[in-house]
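K.L.:
Take this structure first; my questions come after.
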């Protein structure tokens with residue numbers, strides 16, 4: 001047994017220490033007393049020139065809600081700061097909802113990507129017993145119902161203007177994928193069956209429909225669509241390294257959908273396509289994108305050749321989650337072996353043992369670079385990676401941590 005062996009007590013003990021070390025990096029400086037959360041640099045210090053994105057505010061609220069459920073000192077205060085910000089000064093008092101970004105690079109658009117993370121944050125905060133969390137969750141879900149969700153399409157549009165009057169024609173996989181995760185968390189927090197039904201609808205559109213489309217290599221999921229949901233395979237060809245809408249297909253998203261499909265299957269065991277779809281997406285990511293020296297290339301062209309070959313940190317964390325739930329769902333040892341391989345690579349190359357947290361991006365020689373991300377703004381992916389090993393199939397993070405406390 002080694003410290004990265006799936007299911008071992010030694011591994012769970014190591015994860016506990018690594019999780020505390022990660023939180024030690026973010027907790028001292030991430031809170032902005034004026035409201036919201038800072039984007040942190042490589043040394044853990046705020047980088048105000050990066051502005052404050054809604055996705056960071058929501059993810060930090062989610063993460064510190066989980067940390068509070070784990071019993072971490074001071075975590076409740078950080079999470080409560082996030083809820084208070086999202087209910088107060090971080091909210092558009094005139095038209096409702098939340099701006100995509102405030103401060104430097106301010107953006108008044110109302111984006112589904114950030115709103116999905118507000119649903120996730122509010123669900124975890126509600127489960128953790130934070131003041132105002134239910135009101136925050138109710139507001140976020142109401143906005144989706146009124147302005148974004150299409151029952152006919154079984155998906156959400158991506159961007160509204162500040163007044164919720166005009167929708168951008170772009171439609172995308174990424175925001176809807178995070179909404180799937182958020183709906184699962186909200187279902188567990190509230191028991192509202194329609195939220196689970198919507199998560200399944202989203203998986204049907206973005207996983208099942210693509211995998212059964214008849215396209216060559218359909219596991220290379222199409223990311224971008226127009227307002228009629230026609231695929232746009234050439235979208236952002238001239239900006240291939242876009243941080244949220246890159247050109248081509250993103251293997252990290254195949255792994256996220258694999259994880260989500262298995263999680264849905266545990267709650268809807270009557271749906272027989274979910275686990276096979278997850279296995280196909282996982283296998284595609286390994287075959288197409290896992291490099292000989294380790295790590296996943298960021299994006300692929302439609303023939304399977306790399307577009308951005310740099311290795312980002314977050315696909316490895318999603319691979320960890322997918323391997324864990326697939327091991328539970330199928331009993332196959334191969335997934336446990338991959339789980340150990342992913343953690344070994346992360347510890348050797350992605351973890352910044354000198355300054356804390358993880359490097360955001362590596363080049364082809366596995367050296368840290370800053371081509372797409374400057375700093376370490378994101379705790380969410382890595383914190384969740386340290387928690388997957390605790391999860392049974394049929395419970396999400398916040399619900400399981402609450403039950404583990406005996407509450």
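The values are calculated or read from the model by the stated rules, or taken from the named source; none is laboratory data. No experiment lies behind these values; they were computed from the predicted model shown. Here the Cβ positions follow ideal geometry from the backbone for every residue, glycine too, while neighbour counts run over all protein chains shown.
K.L.:
Give region 13-45 a look and list any residue that's under 19 Å from the mean Cα position of the chain (by Cα) and within 15 Å of residue 360 (Cα to Cα), or say none.
P.N.:
Selection gives 22, 26, 39, 40.
K.L.:
Right, next: How many residues does region 144-177 contain that are crowded, with 17+ Cβ neighbours inside 10 Å and in a strand (DSSP E or B)?
P.N.:
The number of residues fulfilling the criteria is 7.
K.L.:
Give the residue that is surrounded by the most Cβ atoms within 10 Å (Cβ to Cβ), with candidates limited to residues of region 189-213 that are under 15 Å from residue 281 (Cα atoms) and without any contact (Cβ under 8 Å) to a residue 40 or more places away in the chain. Break it down into steps so the answer makes sense when it comes.
P.N.:
Going residue by residue through region 189-213, those that are under 15 Å from residue 281 (Cα atoms) are 203-213.
Still in the list and also without any contact (Cβ under 8 Å) to a residue 40 or more places away in the chain: 209-210, 212-213.
Details: 209: 13, 210: 20, 212: 11, 213: 11.
Selected residue: 210.
K.L.:
Shifting gears a bit: All but one of (1) modelled with pLDDT under 95; (2) in a loop (DSSP other than H, G, I, E, B) hold for residue 403, so report the exception by its number.
P.N.:
(2)
K.L.:
Going by what's in this entry, would residue 90 be described as at pLDDT 95 or above, within 22 Å of the chain's Cα centre (by Cα), assigned to a loop (DSSP other than H, G, I, E, B) and crowded, with 20+ Cβ neighbours inside 10 Å? Spell out how you get there, then give the answer.
P.N.:
Numbers: at pLDDT 95 or above: no; within 22 Å of the chain's Cα centre (by Cα): yes; assigned to a loop (DSSP other than H, G, I, E, B): yes; crowded, with 20+ Cβ neighbours inside 10 Å: yes.
Here the answer is no, as residue 90 does not meet what is asked.
K.L.:
Something else about it: Inspect region 44-56 for any residue being under 30 Å from residue 202 (Cα atoms) and without any contact (Cβ under 8 Å) to a residue 60 or more places away in the chain and give the result as yes or no.
P.N.:
Start the filter on region 44-56 by keeping residues that are under 30 Å from residue 202 (Cα atoms), which leaves 52-56.
Next cut, without any contact (Cβ under 8 Å) to a residue 60 or more places away in the chain only: 52.
Yes, that holds for at least one residue.
K.L.:
Taking the condition of being without any contact (Cβ under 8 Å) to a residue 24 or more places away in the chain and either assigned to a loop (DSSP other than H, G, I, E, B) or on the phi > 0 side of the Ramachandran plot (or both), how many residues in region 115-143 meet it?
P.N.:
1
K.L.:
Which members of region 185-236 meet the condition of being out of contact with any helix residue (DSSP H, G or I) (no Cβ under 7 Å at 6 or more places or on another chain) and part of a helix (DSSP H, G or I)?
P.N.:
190, 193, 194, 197, 201, 204, 205, 209, 210
K.L.:
Anything in region 47-81 that is touching a strand residue (DSSP E or B) at 6+ places or on another chain (Cβ under 7 Å) and at positive phi? List them, or say none.
P.N.:
If the condition is that a residue be touching a strand residue (DSSP E or B) at 6+ places or on another chain (Cβ under 7 Å) and at positive phi, then 51 is the only one that fits.
K.L.:
On the given criteria, is residue 248 in contact with a helix residue (DSSP H, G or I) (Cβ under 8 Å, 6 or more places away or on another chain), under 22 Å from residue 212 (Cβ atoms), in contact (Cβ under 8 Å) with a residue 12 or more places away in the chain and crowded, with 20+ Cβ neighbours inside 10 Å? Before the answer, list the steps.
P.N.:
Values: in contact with a helix residue (DSSP H, G or I) (Cβ under 8 Å, 6 or more places away or on another chain): no; under 22 Å from residue 212 (Cβ atoms): yes; in contact (Cβ under 8 Å) with a residue 12 or more places away in the chain: yes; crowded, with 20+ Cβ neighbours inside 10 Å: yes.
Against the criterion (in contact with a helix residue (DSSP H, G or I) (Cβ under 8 Å, 6 or more places away or on another chain), under 22 Å from residue 212 (Cβ atoms), in contact (Cβ under 8 Å) with a residue 12 or more places away in the chain and crowded, with 20+ Cβ neighbours inside 10 Å), residue 248 does not qualify.
K.L.:
Among the residues of region 280-299, which ones are under 20 Å from the mean Cα position of the chain (by Cα) and surrounded by 19 or more Cβ atoms within 10 Å (Cβ to Cβ)?
P.N.:
281, 282, 284, 285, 289, 290, 295, 296, 297, 298, 299
K.L.:
Next question, about the same structure. Residues being in contact with a strand residue (DSSP E or B) (Cβ under 7 Å, 6 or more places away or on another chain) and part of a loop (DSSP other than H, G, I, E, B): count how many of those fall in region 371-393. Outline the logic, then answer.
P.N.:
To start, the set of residues in region 371-393 that are in contact with a strand residue (DSSP E or B) (Cβ under 7 Å, 6 or more places away or on another chain) comprises 371-373, 375-377, 382.
From the residues that got through so far, the ones that are part of a loop (DSSP other than H, G, I, E, B) too are 371-373, 375-377.
Total meeting the criteria: 6.
K.L.:
Here's another thing I want to ask about it. Cβ-Cβ below 7 Å, separation at least six or inter-chain, first residue in region 1-19 and without any contact (Cβ under 8 Å) to a residue 12 or more places away in the chain and at negative phi, second part of a loop (DSSP other than H, G, I, E, B) and crowded, with 19+ Cβ neighbours inside 10 Å: which pairs?
P.N.:
No pair meets every condition.
K.L.:
With respect to residue 79, is the statement that it is assigned to a helix (DSSP H, G or I), modelled with pLDDT of 95 or more and within 20 Å of residue 199 (Cβ to Cβ) true? Quick ask: steps written out before the conclusion?
P.N.:
Details: assigned to a helix (DSSP H, G or I): yes; modelled with pLDDT of 95 or more: yes; within 20 Å of residue 199 (Cβ to Cβ): no.
So residue 79 fails the test.
K.L.:
Specify the residue that is surrounded by the most Cβ atoms within 10 Å (Cβ to Cβ); the eligible residues are those in region 302-336 that are over 19 Å from residue 371 (Cα atoms) and in contact with a strand residue (DSSP E or B) (Cβ under 8 Å, 6 or more places away or on another chain).
P.N.:
As a first pass, look at region 302-336 and keep what is over 19 Å from residue 371 (Cα atoms): 302-305, 317-336.
Filter once more, keeping what is in contact with a strand residue (DSSP E or B) (Cβ under 8 Å, 6 or more places away or on another chain): 302, 319.
Working: 302: 15, 319: 32.
Within region 302-336, the match that is surrounded by the most Cβ atoms within 10 Å (Cβ to Cβ) is 319.
K.L.:
Next up: Does residue 314 satisfy the condition of being part of a helix (DSSP H, G or I), touching a residue at least 60 places away in the same chain (Cβ under 8 Å) and in contact with a helix residue (DSSP H, G or I) (Cβ under 9 Å, 6 or more places away or on another chain)? Spell out the reasoning first.
P.N.:
On the way: part of a helix (DSSP H, G or I): yes; touching a residue at least 60 places away in the same chain (Cβ under 8 Å): yes; in contact with a helix residue (DSSP H, G or I) (Cβ under 9 Å, 6 or more places away or on another chain): yes.
Answer is yes for this residue.
K.L.:
For region 178-188, check the following and say yes or no: at least one residue is under 21 Å from the mean Cα position of the chain (by Cα), free of Cβ contacts under 8 Å to residues at least 60 places away in the same chain and over 18 Å from residue 274 (Cα atoms).
P.N.:
Of all residues in region 178-188, those under 21 Å from the mean Cα position of the chain (by Cα) come to 178-188.
Add one more test, that the residue is free of Cβ contacts under 8 Å to residues at least 60 places away in the same chain, and what stays is none.
Within region 178-188, none of the residues are under 21 Å from the mean Cα position of the chain (by Cα), free of Cβ contacts under 8 Å to residues at least 60 places away in the same chain and over 18 Å from residue 274 (Cα atoms).
Matching residues to (1) part of a loop (DSSP other than H, G, I, E, B); (2) in contact with a helix residue (DSSP H, G or I) (Cβ under 8 Å, 6 or more places away or on another chain):
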| residue | (1), (2) |
| --- | --- |
| 260 | no, yes |
| 276 | no, no |
| 279 | no, yes |
| 292 | yes, no |
| 298 | no, yes |
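K.L.:
Out of the residues in region 51-76 meeting the condition of being at pLDDT 95 or above and over 21 Å from residue 119 (Cβ atoms), tell me which one is surrounded by the fewest Cβ atoms within 10 Å (Cβ to Cβ).
P.N.:
This residue is 73.
K.L.:
Next question, about the same structure. Take residue 104 and decide whether it is crowded, with 20+ Cβ neighbours inside 10 Å and in contact with a helix residue (DSSP H, G or I) (Cβ under 8 Å, 6 or more places away or on another chain).
P.N.:
When the stated conditions are applied, residue 104 does not pass them.
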